[in-house]
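Just so it is clear, none of the values below were taken in a lab; they were calculated from the coordinates. Bear in mind that the values here come from a model prediction, so they are computed numbers and not experimental data. Every residue, glycine among them, receives a Cβ derived from its backbone with ideal geometry; neighbour counts consider all protein chains shown.
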């Protein structure tokens with residue numbers, strides 16, 4: 001039944017699927033926007049009212065003006081791209097390692113049991129605790145930043161991949177085997193599509209972790225990027241610039257989130273979680 005026919009037969013006061021889906025889309029955009037605007041207004045009012053000294057908490061409008069001023073300089077964009085580079089390389093390395101290893105450990109009960117203890121031992125280690133070790137080994141360079149980002153992003157992606165592979169419907173796997181599909185073909189046609197939503201969830205979590213740790217490396221290790229720029233600004237008491245750079249990193253995180261969400265909707269358009277409800 002088409003949406004038009006449903007609307008014609010629907011009782012008075014009933015909401016059609018198309019209108020309901022449109023309303024849901026509007027709410028998805030409107031609710032986060034309103035919450036962000038409310039937080040920014042609260043920031044402005046708290047600072048202007050003197051509840052917190054404007055030296056310690058510059059007004060929201062002041063921070064945005066400073067950010068706009070920074071965006072007109074070439075040096076800011078160089079630092080921005082360096083932070084983006086550290087994030088991208090760390091996430092890419094974590095993905096290239098975690099997904100194949102997760103598929104291997106998830107497909108084998110023996111390997112999963114054998115490596116469970118090392119994984120549970122290494123996973124809770126705070127990535128920032130590795131900074132002194134990286135100082136002594138790799139030094140204060142982009143290698144340390146990428147390693148830190150990759151180490152932190154590796155674990156959530158690995159665990160999600162393992163869970164995704166283990167959640168495979170045994171009936172689907174047996175059906176593929178009965179149709180004569182080999183191990184490699186079952187992996188490509190059955191296992192990976194089933195585990196992909198889990199893997200993508202791990203990727204979104206890992207992307208956030210990678211950005212945080214890339215920025216942390218720049219902040220405490222002095223590698224080039226927005227973190228190093230913030231460290232210098234804080235050292236000279238340039239608090240307007242500190243908050244402006246914090247906004248810049250926040251906007252970068254939001255941009256990454258929306259980009260991955262859009263890509264997820266495109267890649268997983270066949271999955272029920274990405275379909276518009278028609279009930």
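Do me a favour and compute the ellipsoid semi-axes for the range 31-72 from its Cα gyration tensor, root of five times each eigenvalue, largest one first, whole Å. Could the numbers behind the result be given before it?
On the way: eigenvalues 65, 60, 6 Å².
Ellipsoid half-lengths, sorted descending, are 18, 17, 5 Å.
What is the distance, in nm, between label points placed 7 Å from the Cα along the Cα-to-Cβ direction at residue 104 and at residue 231?
My value for the distance between the label points is 3.5 nm.
What is the diffusion coefficient of the range 120-231 in µm²/s, taking the Kirkwood radius over Cα pairs and the Stokes-Einstein relation at 20 °C with a viscosity of 1.002 mPa s?
It diffuses with D of about 134 µm²/s by this estimate.
If only Cα atoms are counted, what is the Rg of the range 75-274, and what is its Dmax, in Å?
My reading of the Cα-based Rg and Dmax gives 19.7, 70 Å.
Note the direction-averaged projected area, equal to a quarter of the hull surface, for the Cα convex hull of the range 87-159, in nm².
Result: 4.9 nm².
Roughly speaking, what is the stretch gain from residue 61 to residue 133, that is 0.36 nm per residue apart minus the C-alpha to C-alpha distance, in nm to one decimal?
Full-extension gain reported as 21.9 nm.
How big is the shadow of the Cα convex hull of the range 21-155, averaged over all directions, in nm²?
Result: a mean projected hull area of 14.4 nm².
Provide the FRET efficiency to the nearest 0.05 for the residue 42-residue 123 pair, computing r from the beta carbons and using R0 = 35 Å.
Computed FRET efficiency for residue 42 and residue 123: 0.45.
Of all the Cα-Cα pairs you can form in the range 180-234, what percent are over 19 Å apart? Can you show the working numbers first?
Working: 816 of 1485 pairs.
Result for the distance tail: 55 percent.
Using 0.36 nm per residue of separation minus the Cα-Cα distance, give me the extension gain between residue 81 and residue 163 in nm, one decimal.
On the way: separation 82, 0.36 × 82 = 29.52 nm, distance 3.40 nm.
Taking residue 81 through residue 163 to full extension adds about 26.1 nm, to one decimal.
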